[in-house]
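The values are calculated or read from the model by the stated rules, or taken from the named source; none is laboratory data. Worth saying up front: this structure is predicted, and the values here are computed from it rather than measured. So basically every Cβ, Gly included, is an ideal-geometry build from the backbone, and we count neighbours across all protein chains shown. Accessible surface areas use protein heavy atoms only, side chains included; no ligands, DNA or RNA. Shrake-Rupley method; radii C 1.70, N 1.55, O 1.52, S 1.80 Å.
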Amino acid sequence: MGAGVAAFGLVVRTIASGHLRKDRELATTGPYARTRNPLYLGSAFLAIGFAIAGHSWWAGSLVLVYFAVFYYAVMRNEERDLRARFGIIFDEYAARVPLFLPNFFDGGHVPRADTAPDKAFSWEQYRRNREYKALIGTIAALAIVWLRMWLQRRYGY
(Lines give C-alpha, C1' and ligand atoms only; values in the text may rest on other atoms or scores of the structure.)
Protein backbone atom coordinates (compact mmCIF):
# COMPACT_ATOMS: atom_id res chain seq x y z
CA MET A 1 0.00 0.00 0.00
CA GLY A 2 2.84 2.37 0.84
CA ALA A 3 4.43 1.76 -2.57
CA GLY A 4 1.15 2.78 -4.22
CA VAL A 5 0.99 6.04 -2.26
CA ALA A 6 4.65 6.72 -3.06
CA ALA A 7 4.02 5.97 -6.76
CA PHE A 8 1.16 8.48 -6.75
CA GLY A 9 3.53 11.08 -5.30
CA LEU A 10 6.04 10.29 -8.01
CA VAL A 11 3.36 10.76 -10.70
CA VAL A 12 2.41 14.15 -9.21
CA ARG A 13 6.08 15.21 -9.22
CA THR A 14 6.55 13.95 -12.79
CA ILE A 15 3.57 15.89 -14.13
CA ALA A 16 4.58 19.02 -12.23
CA SER A 17 8.18 18.93 -13.44
CA GLY A 18 7.00 18.65 -17.04
CA HIS A 19 5.25 22.01 -16.63
CA LEU A 20 7.97 23.84 -14.67
CA ARG A 21 10.37 26.11 -16.53
CA LYS A 22 12.59 27.10 -13.62
CA ASP A 23 13.85 30.68 -13.56
CA ARG A 24 12.16 31.44 -16.91
CA GLU A 25 8.44 31.83 -16.29
CA LEU A 26 5.79 31.46 -13.63
CA ALA A 27 4.36 27.94 -13.81
CA THR A 28 0.56 28.18 -13.87
CA THR A 29 -0.46 25.26 -16.09
CA GLY A 30 -1.05 21.59 -15.38
CA PRO A 31 -1.00 20.86 -11.65
CA TYR A 32 0.17 24.44 -10.99
CA ALA A 33 -3.37 25.54 -11.88
CA ARG A 34 -4.62 23.70 -8.76
CA THR A 35 -1.79 24.12 -6.25
CA ARG A 36 1.18 26.48 -6.18
CA ASN A 37 3.46 23.70 -4.94
CA PRO A 38 2.72 20.40 -6.69
CA LEU A 39 6.34 19.23 -6.40
CA TYR A 40 6.15 19.49 -2.62
CA LEU A 41 2.72 17.88 -2.65
CA GLY A 42 4.18 14.96 -4.59
CA SER A 43 7.07 14.78 -2.13
CA ALA A 44 4.58 14.64 0.74
CA PHE A 45 2.85 11.65 -0.88
CA LEU A 46 6.24 10.00 -1.40
CA ALA A 47 7.11 10.48 2.26
CA ILE A 48 3.71 9.24 3.44
CA GLY A 49 4.08 6.22 1.17
CA PHE A 50 7.45 5.35 2.65
CA ALA A 51 6.14 5.84 6.17
CA ILE A 52 3.30 3.41 5.40
CA ALA A 53 5.68 0.93 3.76
CA GLY A 54 8.02 1.15 6.74
CA HIS A 55 5.21 0.26 9.18
CA SER A 56 6.35 2.92 11.63
CA TRP A 57 3.99 5.41 13.23
CA TRP A 58 6.99 7.04 14.85
CA ALA A 59 8.75 7.62 11.51
CA GLY A 60 5.51 8.77 9.92
CA SER A 61 4.93 11.30 12.69
CA LEU A 62 8.48 12.58 12.37
CA VAL A 63 8.05 13.02 8.60
CA LEU A 64 4.76 14.86 9.12
CA VAL A 65 6.35 17.30 11.58
CA TYR A 66 9.33 17.80 9.24
CA PHE A 67 7.08 18.61 6.29
CA ALA A 68 4.85 20.90 8.33
CA VAL A 69 7.77 22.96 9.62
CA PHE A 70 10.43 22.83 6.92
CA TYR A 71 8.37 22.79 3.74
CA TYR A 72 5.99 25.50 4.92
CA ALA A 73 8.97 27.79 5.52
CA VAL A 74 10.49 26.88 2.15
CA MET A 75 7.20 27.51 0.33
CA ARG A 76 6.81 30.93 1.94
CA ASN A 77 10.40 31.86 1.10
CA GLU A 78 9.96 30.80 -2.52
CA GLU A 79 6.71 32.77 -2.60
CA ARG A 80 8.58 35.96 -1.64
CA ASP A 81 11.03 35.35 -4.48
CA LEU A 82 8.24 34.73 -7.00
CA ARG A 83 6.37 37.83 -5.87
CA ALA A 84 9.53 39.92 -6.29
CA ARG A 85 10.17 38.45 -9.75
CA PHE A 86 6.64 38.36 -11.21
CA GLY A 87 4.79 41.02 -9.18
CA ILE A 88 1.09 41.44 -9.93
CA ILE A 89 1.03 38.32 -12.12
CA PHE A 90 2.05 36.22 -9.13
CA ASP A 91 -0.35 38.06 -6.81
CA GLU A 92 -3.29 37.28 -9.13
CA TYR A 93 -2.19 33.65 -9.38
CA ALA A 94 -1.71 33.32 -5.60
CA ALA A 95 -5.16 34.79 -4.98
CA ARG A 96 -6.81 31.96 -6.97
CA VAL A 97 -4.56 28.96 -6.30
CA PRO A 98 -3.94 27.49 -2.83
CA LEU A 99 -0.43 27.21 -1.43
CA PHE A 100 -0.34 23.44 -0.92
CA LEU A 101 -3.55 21.41 -0.88
CA PRO A 102 -5.08 21.45 -4.37
CA ASN A 103 -8.48 22.93 -5.10
CA PHE A 104 -10.48 20.65 -7.37
CA PHE A 105 -13.82 22.40 -6.93
CA ASP A 106 -13.41 25.42 -9.14
CA GLY A 107 -12.11 25.90 -12.65
CA GLY A 108 -8.49 26.24 -11.56
CA HIS A 109 -6.24 29.11 -12.45
CA VAL A 110 -6.72 30.61 -15.88
CA PRO A 111 -3.67 32.68 -16.82
CA ARG A 112 -4.15 36.16 -18.24
CA ALA A 113 -4.10 36.13 -22.04
CA ASP A 114 -1.05 38.39 -22.15
CA THR A 115 0.97 36.15 -19.81
CA ALA A 116 -0.43 32.69 -20.52
CA PRO A 117 2.33 30.20 -21.16
CA ASP A 118 0.99 27.96 -23.89
CA LYS A 119 2.83 24.98 -22.51
CA ALA A 120 1.65 21.41 -22.23
CA PHE A 121 3.52 18.71 -20.34
CA SER A 122 7.00 18.22 -21.79
CA TRP A 123 9.23 15.17 -21.34
CA GLU A 124 12.16 17.39 -22.35
CA GLN A 125 11.31 19.73 -19.48
CA TYR A 126 11.03 16.72 -17.16
CA ARG A 127 14.58 15.71 -18.14
CA ARG A 128 15.86 19.29 -17.95
CA ASN A 129 14.53 19.53 -14.39
CA ARG A 130 16.29 16.21 -13.63
CA GLU A 131 13.15 14.78 -12.09
CA TYR A 132 14.29 11.32 -13.20
CA LYS A 133 16.49 11.44 -10.08
CA ALA A 134 13.33 11.22 -7.96
CA LEU A 135 12.30 8.14 -9.94
CA ILE A 136 15.68 6.49 -9.41
CA GLY A 137 15.68 7.39 -5.71
CA THR A 138 12.15 6.07 -5.26
CA ILE A 139 12.99 2.77 -6.93
CA ALA A 140 16.11 2.43 -4.77
CA ALA A 141 14.23 3.28 -1.57
CA LEU A 142 11.40 0.86 -2.39
CA ALA A 143 14.02 -1.83 -3.03
CA ILE A 144 15.48 -1.19 0.43
CA VAL A 145 12.03 -1.36 2.02
CA TRP A 146 11.32 -4.60 0.16
CA LEU A 147 14.70 -6.03 1.27
CA ARG A 148 13.94 -5.09 4.87
CA MET A 149 10.56 -6.80 4.68
CA TRP A 150 12.08 -9.90 3.06
CA LEU A 151 14.78 -10.13 5.73
CA GLN A 152 12.18 -9.77 8.49
CA ARG A 153 10.08 -12.59 7.07
CA ARG A 154 13.03 -14.86 6.33
CA TYR A 155 15.16 -14.30 9.42
CA GLY A 156 12.75 -12.71 11.88
CA TYR A 157 14.51 -9.35 12.27
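List the residues whose amide H sits under 5 Å from the amide H of residue 28, counting only those 5 or more places along or on another chain, with H placed 1.01 Å from N in the peptide plane.
It is none; the list stays empty.
Shape of the stretch 1-80 from its Cα gyration tensor (a ≥ b ≥ c, root eigenvalues): rounded if a/c is under 1.5, otherwise prolate when a/b > b/c, or oblate?
oblate
Would you mind telling me which residue in 137, 54, 18 has the biggest mean-square fluctuation in a Gaussian network model of the chain, where springs connect alpha carbons within a distance under 10 angstrom?
Maximum among the listed residues: 137.
Hey, any idea what % of the stretch 1-151's accessible area is carbon plus sulfur with a 1.4 Å probe?
Roughly 68 percent of what the probe reaches on the stretch 1-151 is carbon or sulfur.
Can you give me the angle between helix 38-53 and the longest principal axis of the chain, using Cα atoms only, in degrees from 0 to 90, rounded to the nearest 10?
Long axis of 38-53 versus the principal axis of the chain: about 10 degrees.
Let me have the relative contact order for the chain, percent, based on Cα pairs under 8 Å that are six or more residues apart.
Relative contact order here is 35 percent.
Using a Gaussian network model of the chain whose springs link C-alpha atoms within less than 10 Å, name the residue from 141, 33, 53 with the highest mean-square fluctuation.
Taking springs between Cα atoms under 10 Å, the residue moving most is 141.
Once you sort the root eigenvalues of the Cα gyration tensor of the chain as a ≥ b ≥ c, which label holds: rounded (a/c under 1.5), prolate (a/b larger than b/c) or oblate (the other case)?
prolate
How large is ³J(HN,Hα), in whole Hz, for each residue of the stretch 20-32 in order, when computed from phi with the Karplus curve 6.51 cos²θ - 1.76 cosθ + 1.60 and θ = phi - 60°, using x for Gly and Pro?
Rounded to whole hertz, the list is 8, 10, 3, 6, 10, 7, 6, 6, 9, 9, x, x, 5.
In sequence order, what are the phi-derived ³J(HN,Hα) couplings for the stretch 63-79 according to the Karplus relation 6.51 cos²θ - 1.76 cosθ + 1.60 with θ = phi - 60°, rounded to whole Hz, with x for glycine and proline?
5, 4, 5, 4, 4, 4, 8, 5, 5, 4, 5, 5, 4, 5, 5, 5, 4
Given a 1.4 angstrom probe, what's the average accessible area per residue across the stretch 1-105, in square angstrom?
Here the residues of the stretch 1-105 average 56 Å² of exposed surface.
Which one, 53, 14, 97, projects farthest toward the positive side of the charge dipole computed for the chain from Cβ point charges (K/R +1, D/E -1)?
It is 53, whose Cα lies furthest towards the positive end.
Running a GNM on the chain with Cα contacts under 10 Å, which residue among 34, 80, 96 ends up with the highest mean-square fluctuation?
80
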